[in-house]
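The structure appears below as structure tokens.
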Amino acid sequence: DPIIVARDVQKHFGNFHALRGVSLTVHPGQVVVIIGPSGSGKSTFIRTINALDPHDGGEIVVDGIPLNGTRNLDAVRREVGMVFQSFNLFPHLTVLENITLAPTRVRKTSKAEAERRGLELLRRVGIEEQAHKYPAQLSGGQQQRVAIARALAMDPKVMLFDEPTSALDPEMIKEVLDVMKDLARGGMTMLVVTHEMGFAREVADRLLFFDAGTIVEDTTPEAFYNNP
Ligand code: ADP
Ligand code: ADP
């Protein structure tokens, strides 16, 4: 069964029609890279998948749960992790506290179990030794890896990435992309807005091209790169 179904999704900001009928079916384990000019609705579309931007037309179903208004909002958000361009960590919490916050508050996981799992995730993204530091003491690449670990701590079925490397210095981009590649290899379903065409070519199962609020092409890296 598909993990994400979007049917004719519409989104307005006032009079501005940001999404003009976006339809997409994503199957578990697919890595979908979203490409397109600035302002074409890429960010808005992935934000509708976890209702950060509520859609105002059409239908979105995540893992069988329809996302309508505020109904099912929490249930869907628990299944969907999101990583932003600007890491959005809590500055007054340590790295490990950033990661254990949602599992202990939302999932009611015990503190000990959340910390054990948090350290395991930090090891997986290669920054276990930073666990007790504060975000401002870390490089941008390290902060973004914390943000990925924090999202994974809720055991999401889908991960959304909104230009995850766009705010990073070149030498830090690779370390974040490598973590994302590992996730993809591990079978995570991912929607990734990025300008990193190397990542798209190597990792994506599908390439979606957005323009003016619609999907203008839905293809694969093989087809795209072999028939330019
Ligand atoms: P992209 O990610 O492709 O650069 P966005 O989805 O961020 O595009 O934005 C699509 C369009 O919607 C842009 O014209 C943007 O200015 C507009 N937009 C996005 N968010 C808002 C908002 N909160 N209020 C008004 N307009 C918005
Ligand atoms: P991106 O293209 O990465 O989404 P933007 O700079 O377009 O980044 O948007 C950053 C934030 O500002 C988002 O939360 C978006 O919803 C909001 N935003 C974008 N365009 C507008 C706008 N015209 N009016 C109000 N908010 C906007």
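At a glance:
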quantity: Antiparallel DSSP beta bridges within the chain, as percent of all bridges there, nearest 5; calculated: 55
quantity: Calculated over segment 81-182: convex hull of Cα atoms, volume per residue (Å³); calculated: 89
quantity: Computed FRET value (nearest 0.05) for H12 with F90, which takes r as the C-beta separation and R₀ as 41 Å; calculated: 0.80
quantity: Calculated FRET value between N68 and D169, using beta carbons and R₀ = 45 Å, to 0.05; calculated: 0.60
quantity: P(r) weight above 15 Å for segment 1-52, C-alpha pairs, percent; calculated: 50
quantity: Kirkwood-Stokes translational diffusion coefficient of segment 1-120, alpha-carbon pairs, 20 °C, 1.002 mPa s, µm²/s; calculated: 132
quantity: Segment 133-228 - convex hull of alpha carbons, volume per residue in Å³; calculated: 125
quantity: Distance histogram for the chain (every C-alpha pair counted, 5 angstrom bins, percent rounded to whole numbers); calculated: 1, 7, 14, 18, 19, 17, 12, 8, 3, 1, 0
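Quick note: the coordinates plus some simple rules give every number you see, no bench work behind them. As the structure is a prediction and not an experimental result, all values here were calculated from the model. A quick note on method: Cβ atoms are made from the backbone with ideal geometry, for glycine too, and the neighbour counts reach across all protein chains shown.
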